[in-house]
1. Of all residues in the range 685-715, count the ones that are of a type in the set (Asp, Glu) and modelled with pLDDT under 90.
2. Take VAL401 and decide whether it is outside any loop (DSSP other than H, G, I, E, B), touching a residue at least 12 places away in the same chain (Cβ under 8 Å), open to solvent by less than 30 Å² (accessible area, probe 1.4 Å) and more than 30 Å from ASN250 (Cβ to Cβ).
3. Considering the range 573-616 alone, what residues qualify as being under 30 Å from ASN389 (Cβ atoms) and either surrounded by fewer than 24 Cβ atoms within 10 Å (Cβ to Cβ) or at pLDDT below 95 (or both)?
4. Select from the range 419-437 the residues that are out of contact with any His (no Cβ under 9 Å at 6 or more places or on another chain) and over 14 Å from CYS398 (Cβ atoms) and write down the one among them that is surrounded by the fewest Cβ atoms within 10 Å (Cβ to Cβ).
5. Please work out which residue is nearest to GLU110 (Cα to Cα), limiting yourself to the range 137-162 and to residues that are exposed (fewer than 15 other Cβ atoms within 10 Å of the Cβ) and either in contact with a His (Cβ under 6 Å, 6 or more places away or on another chain) or hydrophobic (A, V, I, L, M, F, W, C) (or both).
6. Looking only at the range 627-669, count how many residues are surrounded by 16 or more Cβ atoms within 10 Å (Cβ to Cβ), of a type in the set (Val, Ile, Thr) and part of a loop (DSSP other than H, G, I, E, B).
7. In the range 345-388, which residue that is assigned to a loop (DSSP other than H, G, I, E, B) and polar (S, T, N, Q) is nearest to GLY614 (Cα to Cα)?
8. Of all residues in the range 224-275, which are at positive phi and buried (at least 20 other Cβ atoms within 10 Å of the Cβ)?
Amino acid sequence: MAKMVNLTIDGKKLTVPEGTIVVDAAKEVGVNIPVFCYHPKMEPVGMCRMCLVEIGRPMVDRATGEVIKEADGSPKISFGPKMETSCTTPVSEGMVVVTTSEKVTSARKEMLEFILTSHPLDCPICDKGGECPLQNLTMSFGSSESRYIFNEKKHAKKHVPLGELIFLDRERCIQCGRCVRFQSEIAGEPVIGFSQRGRSLEIVTHSDPGFDSIFSGNTTDICPVGALTTADFRFGARPWEMKYTASICNHCPVGCNIVYNVRREAASGGNMVIKRVMPRQNEWVNEIWMCDKGRLGYHYAESEQRLRKPLVRKEGQLVETSWDEAFEAVGRGLSLSRKMAILAGGRLSNEDLFNLNRLGTDRKADLLLHSYMAGGDLTAQVGLGKGSNLGDLGKGSCILVVASDLHEEAPIWWLRVKQAVKRGAQLIVISPVKTAMDRFAQFVVHCEFGQEAETVKSFLPVNANNLPEKVQAAADAFGKAENAIIFYGSQTLGLDASAVLANACARLLITTDHVGRANNGLVGVWHAANLQGAWDMGFRPANNLVSRLNQADALIVAGADPASDGGPEIIDALKRPELFVVVQELFLSETARLADVVLPVLAPTEREGSFTSGERRVQRYYPVNTPVDLLADFAVTARMARSLGLVLEDRSAALVMQQIGTQVEGYDKLSYTRLSEFVKQTPDVNRHDLYYGGTTYENRQGVGVQLDIDAVHGRLMKLEDIPAVGLPTAEKEQILLLPVNKLYDQGALLTKTNLLDQRKTALFVRLNSATAATLGIQQGKTCLVLDGQAYSFDVAIDDTLPAGVGLVPRSAGAPLTNPVLAAPEPVR
């Protein structure tokens, strides 16, 4: 426990932990000290001087070291001749702080006058107007008149693109340094900085492309003026015109808490339109940050390509029809089925998956999960213990990241793991290729491709003293750690290999006694938001999806596009004339084009539901607006079930969650009421004092519920060693292509966002120069044939890779989810 310190602020007595700085302590008793440069998530610098206060300390007799007392026995307080910055001054025993004296008030007024000497009179047109700390503090503490001559104001460029996503108005910038420090301290991507000096000081970008960071949008949240704006929101709306709706980001397994700012517009027929996405505080999940993919990747919901009416195949063509006719067609097709299969994707909510499970169970259907990663059953057993928070990890903790590049797959986890290392946690990275995490790790173990699981197994105590020195040191650090967490992924692996890896990770955690308690356990770095929820709801990926599909005579596909991801064999399986295919989808995907019935569904922004994050935290999201002509996936499934004589809940996602809370193991007694519970968080970020934490929204809609794991309830089954899965062997004139995940992929949800076009991953192959020479591949473009189909790849030479191997991105234009052999296209 930290030592506690007693002090007085504006006559209010309080007790706070030693090391707390004055500006944070003041908030504990409702005293808000104005700041510009200070931010509770960053190291204080005392640059703006706005937080000056008078501070007195007990006088001490130098001879005896005793506190000098007043006549009444209270300590005699001595105030210094100068004021002190409350953002850099830690509290001390007996300290007395005065924040409202004439001296303090005068200083604030003078600092604001200095800041405003060359600040433009932009308030009526500034994007920050209405949520601007400078505007608010000027109204509260500034002068009503200016002594500065308008013609002597220093002018600067007002539309400077730091990159294609962020614009800088240099005239508005007050040089607080928040953006520069965020990129350096928090994001770990110091791509912007200060240039020049004095009144000519300005923000510049050091990277090419400009402002090359996946966290750049956060700088617009913490900027205390309108100097930084996003290309998405710039001149889009005024803050007071918008309402907000709480939600959960659906782009990765982190489950970032977000807010959609919406405005009703005539151009949309009077409907609510999303104007921007903002982070919502959840100190257990994303703190107050979010990545640019989550911030800018929402435009799919308002795309003109959205399906709005059901489609039924007539005379070989898909034609629009009514909902009644569509469900009649579904009922006829499914009622004839003797072997049904349901293929679900990770974009579906828990409620959708539950209803699909109920339908599938009733029809004895094959419940398939569209995923190339295994281990969701093991994360339910030995996942993070209840009460876990990556923000608590520090000295005495160890984090192992294997087969995953968190920077590309789960950026906020990357950020939080990096911060844990800064607090003293040890980091081990096991990967056959370099990752963005390597530079922060104490131990980097570069294994051969396909040897990730074997490397993890070598950490088991039974293998002690038989390891290379570097690997032994990493194994010792993990085994001796007070707390240990493993993040495992699917980089360069297929489904079978990821199952072996998950098993090895779980066995290591169990053997070293790092399960069943907070801040210990296994985390899957899934490739979709709710794959963990899908595992919990009973869906499993198939080792041979083509074979399973060929066994079915009826198929329901929901939230998945196997035709785009699976190649020619999947397409052939879906085209079988005896197979009746129903697709629930947002867009006319390649799979939907092959369906007999296509049922349009609501986007996550248009409905309520819940996701289960990779940390097994169940969180609720809310609707922005709900189109009357569409249904949520769970309701579509219920209507299909009704056509087959089965009654499922279709009225409300909340009612489905009540059933989940009574029927799904591990989700005991869950309800939307529990998911909506919130608590006071530290730091106390809210929009009442925008100058303190930025424009991040406080969380009053629920921080979610972290599930218990099986290990806590004695349901931990014994895990046997699973043999390693070998990689395919390349013959002459062949190359082994290994899949990697990229943040800005070509997935259906992201391709509708034009703002990210410059960042989206093109289809490439990375290989070494010797392999390229052997196969006759030159820098530039090449065509490779996989599964009988030719694809055009950009070529990148990387001599750190071994011979015969190429790295190719998933979801970038080629159906590659597992390791596969390819060859150059023959010259005709």
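The values are calculated or read from the model by the stated rules, or taken from the named source; none is laboratory data. As the structure is a prediction and not an experimental result, all values here were calculated from the model. Positions of Cβ are generated from backbone atoms using ideal geometry, with glycine treated the same way; all protein chains shown enter the neighbour counts. For the accessible areas, the whole protein counts, side chains as well, though only heavy atoms, and no ligand, DNA or RNA atoms are used. Shrake-Rupley method; radii C 1.70, N 1.55, O 1.52, S 1.80 Å.
1. 2
2. No: the conditions fail for VAL401.
3. Scanning the range 573-616 gives THR605, GLU608.
4. So the residue we want is LYS422.
5. It comes out as MET139.
6. Total meeting the criteria: 1.
7. SER388
8. Within the range 224-275, GLY255 is the sole residue that qualifies.
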